[in-house]
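**Q** Here it is, the structure, as structure tokens.
The values are calculated or read from the model by the stated rules, or taken from the named source; none is laboratory data. Remember, predicted model here, so these are calculated numbers, not experimental data. Because the Cβ atoms are built from the backbone with ideal geometry, glycine has one as well, and the counts that use them run over all protein chains shown.
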Amino acid sequence: MIVSARSDIGLIRKINEDGYYWHECRGGVIAAVCDGMGGAAGGEIASSMTLDAVKDILTEGLSDSLSENEIRDLMTRAVESANEDLLKAQIDNPTLRGMGTTIVMAYVTRDLAYIMHMGDSRAYLSSDKEMHRLTKDHSYVQDLIDSGAMTEAEAEESPYKNIITRAVGTDRQVYPSFGMFDVVPGDMIILCSDGLTNYVGEDKIFSLSRSVDQPADILAQAALSGGGGDNVTVVTLKLEE
């Protein structure tokens, strides 16, 4: 599998609250992207602690010999562990209160991609012919879209588009979404924070993802060229042909 990754502070922010992790494990590759939030350095700490939990629980635990339910349970346990760590840190250090983070993570084998997420960081499946979004944002505007009160086009212009409804570290219970998808040689899984999707349209993300062998750099650069008003993080996992 060919992996590329990049995280950039962007052109306006003073701290990069994004983070990523990837690792080759038994039967495939695991990867995760987090987009932290919170006062002071809280967002940076939240994303870092969450990625540590992913590393500690998934790196040794995942393998392609596990069932779908076992993989889902293990990924859920990583999110739950991160949530507990963040809540405890906020109790121990009141200056961190209000911190939290989105997460999108993937375990990709030779023929399957297992995706789990909370918040508005996204996963896409890019093939030779088209690209599909694999996640649905946990956000206020997505709820409005689902109810028919707002169109996709209106959501793109909404001043409330960055209000998320689920995150790690903000509530006692976590409700991550999970999906399993077929993949074939040549397919690419793209994980990204909203610092990419808020500044680069999906058509351009698709075309750029297929244009080079290591697309994370060019996708992040496109976000900077498009305004760069947020941290941007991209990880791509391409199955070799």
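**Q** Identify, by number, the condition in (1) touching a residue at least 12 places away in the same chain (Cβ under 8 Å); (2) surrounded by fewer than 13 Cβ atoms within 10 Å (Cβ to Cβ); (3) in a strand (DSSP E or B) that residue 132 doesn't meet.
**A** (1)
Table: residues versus (1) modelled with pLDDT of 95 or more; (2) over 16 Å from the mean Cα position of the chain (by Cα).
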{"site": "143", "(1), (2)": "no, yes"}
{"site": "154", "(1), (2)": "no, yes"}
{"site": "162", "(1), (2)": "no, no"}
{"site": "196", "(1), (2)": "yes, no"}
{"site": "211", "(1), (2)": "no, yes"}
{"site": "218", "(1), (2)": "yes, yes"}
{"site": "236", "(1), (2)": "yes, no"}
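**Q** Looking at segment 64-80, is at least one residue outside any helix (DSSP H, G or I) and either in contact with a strand residue (DSSP E or B) (Cβ under 8 Å, 6 or more places away or on another chain) or β-branched (Val, Ile, Thr) (or both)?
**A** Scanning segment 64-80 turns up at least one residue that is outside any helix (DSSP H, G or I) and either in contact with a strand residue (DSSP E or B) (Cβ under 8 Å, 6 or more places away or on another chain) or β-branched (Val, Ile, Thr) (or both).
**Q** Among the residues of segment 70-92, write down those that are hydroxyl-bearing (Ser, Thr, Tyr) and in contact with a helix residue (DSSP H, G or I) (Cβ under 6 Å, 6 or more places away or on another chain).
**A** Selection gives 81 alone.
**Q** Ok, one more. Here is a list: 67, 48. Which entry is surrounded by fewer than 22 Cβ atoms within 10 Å (Cβ to Cβ), more than 22 Å from residue 15 (Cβ to Cβ) and out of contact with any helix residue (DSSP H, G or I) (no Cβ under 8 Å at 6 or more places or on another chain)?
**A** Testing whether each residue is surrounded by fewer than 22 Cβ atoms within 10 Å (Cβ to Cβ), more than 22 Å from residue 15 (Cβ to Cβ) and out of contact with any helix residue (DSSP H, G or I) (no Cβ under 8 Å at 6 or more places or on another chain) leaves just 67.
**Q** Enumerate the helices (runs of 4 or more DSSP H) found wholly within segment 167-241, keeping only those where 1 or more residues are farther than 22 Å from residue 18 by Cα and out of contact with any strand residue (DSSP E or B) (no Cβ under 7 Å at 6 or more places or on another chain).
**A** Of the helices (runs of 4 or more DSSP H) lying wholly inside segment 167-241, those with at least 1 residues that are farther than 22 Å from residue 18 by Cα and out of contact with any strand residue (DSSP E or B) (no Cβ under 7 Å at 6 or more places or on another chain) span 202-209.
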